[in-house]
Each structure stands twice: as C-alpha cells, then as structure tokens.
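**Q** What follows is a single structure, and I will ask about it in a moment.
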Amino acid sequence: MRYLLSPDEERRLLRDLKTAFGLLPLAPPDSEEYPGDLEVLSDNIPKSPSPTQPYQYVFWANEFGPIRRVSDRAEPKDAVGRTMLQINRDAGIDNRAVDLETTPIVSWSRTKWVDENRRWIVPSRLGSTRAVFKTLSPEYRKMFRSVERFLQGKGQVINSWDIPNSLKETGLEFKRPRNTRSYGVTVWPEAAAWLDHGVKIYHWDV
C-alpha cells in the first residue's frame, strides 16, 4: 500500500514512529526540523524537494534485534546473493554501512513530484527490512503490521486510476489496466485537498 500525506501529516507520522512505536531514527540525523523542510505553496500543494533533501527516512526497531553492518554479512551461498554482494563492492559501499537486509528497520520514502510541472505526485511508501518478510520474527512482523494499520486508519483508500485526467490537463495519459486492485493509495485528510487542486496520483513508483 502507498500513502499520500501532507508535510504536516508526515511530520506527525514520523514523530509517532519515534514516540508511539519506539523506533529510533538512523537516517537522516534527528533534529528539531525532523523530517526536514518541504516547501509549501500558498494553496497547500508542496513544491518538489530539492535534490539535497533526503527522500527516505530509516528507523531502527531496536526491540527486535541489533544493528548489523554490511561487513557482518556472511558470504552468500546462492548466485544472486553473490552477484549483489559484488555489485555493492564495486559500488564502493562502506562496510560500516547498516545492512538493511538483516537489521530490523522501518523506512519511509517521502512524497515527491514526477517532474517540475507538479501535476503528478508519487505517494510515499512504508518499507521493512529487505529480507523476505515471512522469514522475519513474528514479533517484528506484528509491529510492522501495526504501523500499517495506523497509517491506513488515518485516511481513505483512493484508486489512482479513478482520478480523471486528460493529456491536455496533465501532459500525460495512460491506458487503464484491466485489474487496478493493486493501485490503492491511502490518502490522509490534508493531502486529500491536493486532489481538489487538480493533483493526480502517479500510478507507479519512480
């Protein structure tokens, strides 16, 4: 499920992740401005964050396991794992970096615009540890599901394909797929006002 929140709603959510769910911020560093500045137009439609602003926030769920580093990772036994490890090495990833495949984390990717025209907006997405979800501990999965329920309980689900758009209006036009059940977005109240201003929800992540 994807989520559409206003900057103020996003700030409240990230505060709740720390206070209500006991998660500890890993990136970016915590501050009074957390989750950072996101400029807002007078009509409450956000501008695109600058390239220097982080798009993703990572929290450590310390109750469910320690922080593990890339250097702690065992040599993969399968071909895909070995290939990914080599790609990381070639990319020069610091071995001290947090291993997001094994450290219990909750991540939040921020809402952003598809382009400078600010007609199509890409919703946020909640993320878990990158290991296969069913292999994670039942306690961690229960916590993550509770965060999902919290997010979904604050808004209404809107299918991005049910929002009318035209090529003339938005500069983009897409053919509706036969099955659109996976395109639901939970929209919080303040963000719902953006749709009244003509903003369209982009159907995919970018």
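A short reminder: the numbers here are calculations on the coordinates, not readings from a lab. Here the structure is a predicted model, which means the values were calculated and not measured. In this analysis, Cβ positions are derived from the backbone assuming ideal geometry, glycine residues included, and neighbour counts consider all displayed protein chains.
**Q** Return the FRET efficiency for the residue pair Gln152, Arg11: r is the Cβ-Cβ distance, R0 is 25 Å, and the value is rounded to the nearest 0.05.
**A** 0.85
**Q** Which distance in nm do the two modelled labels at Trp204 and Asp162 give, with both placed 7 Å along the Cα-to-Cβ direction?
**A** If labels sit at Trp204 and Asp162, their model points lie 2.3 nm apart.
**Q** Please work out how much length the chain gains when fully extended from Arg145 to Ala20, using 0.36 nm per residue of separation minus the C-alpha to C-alpha distance, in nm with one decimal.
**A** 43.6 nm
**Q** Can I ask one more? Residues with amide H under 5 Å of Asn159's amide H, sequence separation 5 or more or different chain, H placed in the peptide plane at 1.01 Å from N; which?
**A** When sequence neighbours closer than 5 places are left aside, the close amide H contacts are Val185.
**Q** What does the highest-first list of 55-63, 190-198 look like by mean Cβ count within 10 Å?
**A** With the highest mean Cβ count within 10 Å placed first, the list reads 55-63, 190-198.
**Q** Could you check the simple spin-label distance between Phe174 and Leu195, using points 7 Å along Cα→Cβ, in nm with one decimal?
**A** 1.5
**Q** Also, quick follow-up: Estimate the FRET efficiency between Glu63 and Ser182 by the formula 1/(1 + (r/R0)^6), using the beta-carbon distance for r and 41 Å for R0, to the nearest 0.05.
**A** About 0.85, to the nearest 0.05.
**Q** State the number of lysine pairs found in segment 124-206 whose Cα atoms come within less than 28 Å, restricting to pairs 8 or more positions apart or on distinct chains.
**A** Close lysine pairs found across segment 124-206: 6.
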